[in-house]
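The values are calculated or read from the model by the stated rules, or taken from the named source; none is laboratory data. Values in this document were obtained by computation on a predicted structure and should not be read as measured data. Don't worry about glycine lacking a Cβ; one is built from the backbone with ideal geometry, like all the others, and counts go over all protein chains shown. Protein only, heavy atoms only, side chains kept; ligands, DNA and RNA dropped before computing areas. Shrake-Rupley method; radii C 1.70, N 1.55, O 1.52, S 1.80 Å.
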Amino acid sequence: MASASRPSLLQVQPPRYGNLITVLSIDGGGIRGIIPGVLLTYLESQLQHLDGEDARIADYFDVISGTSTGGLITAMLAAPDENNRPLFAAKDIVPFYLDNCPKIFPQSRGLCATVTDLVKVLIGPKYDGKYLHKLIRSIVGDKRLSQTLTNVIIPTFDIKTLLPVIFSTYQVASYPVKNAKLSDICIGTSAAPTYFPAHYFENHQQGETNKFNLIDGGVAANNPALVAITEVTKQIMRKNPDFSEVQPLELYERFLLITLGTGSNKSELRYSAKMASKWGILSWLYDDGSSPLVNSYNEASSDMVAYHNCAIFEALQSENNYLRIDDDTLTGDLSSVDKATKENLENLVEVGEQLLKKQVSRMNLDTGLYEPVENGGTNEEALQRFAKVLSDEKKYRESKSPRPKAK
């Protein structure tokens, strides 16, 4: 059976009328969501330069995927306001983080701060999540997954069934119980173990009820780019009419993928086998203000997806349609997911701005490290180029599609 399309609110004409399938992916990373916030601000400014000040990210991407803090950004960019336009412009993301992160991640102070944080981790989550939950609900209200202005994909993980739960607008028609409130989805995908409490909710749709016991989507896919690609692939397999002109064997050649990392620390030795061989459960859960266990699975998850995508796009000679922007040289507090001091948050803004000026990098498939791409230009220049491609694709689809442009 063909999957149903979603023509009512979508801002993007479907891929069947175009040349590309456009995907934006945003990693998890706590306060480091500021970094993709800076990059998205620049990308949207370039789209506005080409198409006018009302242009928004959601007008150009067939899919926006995000995990944890990236899931929250996804909702901000794709959920509708009262005028059926995105709740947030990209330029509003960084101020949002600067204003709210100190309240989401209140810092322990005084001589006993480290001991206080350790005790919190031992007896429960480091943060109670009350401010975050209230904030998310105030932003998206009762809006549901099916109401987003473009297709969104937000991974979570169910701690009861030990299975990933992918909240995808593509699945709403076939699995109505997945049509949950965006607030519950965002709270669930952000429920990082040791940092925030797990999130339980029930969803009632069309006479069915499903119970969710969710923790951070980073357990399943901290870099959700591959999840997004898989969801699109399923639509082609299931004959979704929005993809009727796309052939399975040419799929990767038609993807345009921008995937934004939140930074990591691979430039200095943080842990070693000698250190870890002596660790018990406490050390794995808490060391120098963070969790080595959580850091390890987040980094491994992100890098494995980047490894796969880099190899596939290179093998199909489609590198020009693939852009991964990340910074693996963060040090000290910059690599923390929750060091929400005013100074550190402002430094993360600077990291994002400096990242725009850095040369485009790609993962070395042998070492796993990012290396500059010869003649690749800067990330700023790459985003300019991608903005032009996105603008041209949008105009081409609108010229071919019988569907009226979204207002």
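Here's the yes/no breakdown for (1) hydrophobic (A, V, I, L, M, F, W, C); (2) surrounded by 21 or more Cβ atoms within 10 Å (Cβ to Cβ):
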residue: M275; (1), (2): yes, no
residue: L316; (1), (2): yes, no
residue: D328; (1), (2): no, no
residue: V337; (1), (2): yes, yes
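Report yes if G71 is open to solvent by less than 10 Å² (accessible area, probe 1.4 Å) and within 19 Å of the chain's Cα centre (by Cα), otherwise no. In short, yes. Only residues that are out of contact with any Asp or Glu (no Cβ under 9 Å at 6 or more places or on another chain) and farther than 11 Å from T156 by Cα: list them for the range 199-226, please. Passing the criteria: Y200, E202, H204, Q205, Q206, G207, E208, L226.
Does any residue of the range 185-202 turn out to be out of contact with any Gly (no Cβ under 6 Å at 6 or more places or on another chain) and within 30 Å of K239 (Cα to Cα)? There is at least one residue in the range 185-202 that is out of contact with any Gly (no Cβ under 6 Å at 6 or more places or on another chain) and within 30 Å of K239 (Cα to Cα).
Restricted to the range 193-217, and to residues there that are more than 24 Å from A228 (Cβ to Cβ) and β-branched (V, I, T), the residue that is surrounded by the most Cβ atoms within 10 Å (Cβ to Cβ) is T194.
Where strands (runs of 3 or more DSSP E) sit wholly within the range 315-407, those with at least 1 residues that are more than 23 Å from the chain's Cα centre (by Cα) occupy 370-372. Contact annotation: residue pairs with Cβ atoms under 7 Å, 6 or more positions apart or on different chains, pairing a residue in the range 295-313 that is farther than 17 Å from T367 by Cβ with a partner that is aromatic (F, W, Y), are I312/Y252; F313/Y252; F313/Y322. Do the conditions hold for S301, that is, is it hydroxyl-bearing (S, T, Y) and either closer than 30 Å to F61 by Cβ or open to solvent by 20 Å² or more (accessible area, probe 1.4 Å) (or both)? Answer is yes for this residue. Among the residues of the range 131-151, those that are closer than 24 Å to F61 by Cβ, of a type in the set (A, V, I, L, M, F, W, C) and either assigned to a loop (DSSP other than H, G, I, E, B) or open to solvent by 10 Å² or more (accessible area, probe 1.4 Å) (or both) comprise I139, L149. Only one of the numbered conditions (1) touching a Phe, Trp or Tyr at 6+ places or on another chain (Cβ under 6 Å); (2) open to solvent by 70 Å² or more (accessible area, probe 1.4 Å); (3) more than 30 Å from L249 (Cβ to Cβ) is not met by Q384, and that is (1).
Just checking, which of A78, A89 is farther than 20 Å from N379 by Cβ, hydrophobic (A, V, I, L, M, F, W, C) and in contact with a strand residue (DSSP E or B) (Cβ under 7 Å, 6 or more places away or on another chain)?
On inspection, the qualifying residue turns out to be A78.
P106 satisfies every condition listed in (1) open to solvent by 10 Å² or more (accessible area, probe 1.4 Å); (2) more than 30 Å from D333 (Cβ to Cβ); (3) out of contact with any Ser or Thr (no Cβ under 7 Å at 6 or more places or on another chain) except (2).
Taking the options R32, R56, name whichever one is in contact with a helix residue (DSSP H, G or I) (Cβ under 8 Å, 6 or more places away or on another chain), open to solvent by 10 Å² or more (accessible area, probe 1.4 Å), within 30 Å of A198 (Cβ to Cβ) and modelled with pLDDT of 95 or more.
R32
Given the criteria among the aromatic types (F, W, Y), closer than 30 Å to L249 by Cα and surrounded by 18 or more Cβ atoms within 10 Å (Cβ to Cβ), does Y307 qualify? No, not satisfied. Once the range 353-381 is narrowed to residues that are at pLDDT 95 or above and of a type in the set (D, E), the residue that is least open to solvent (accessible area, probe 1.4 Å) is E380.
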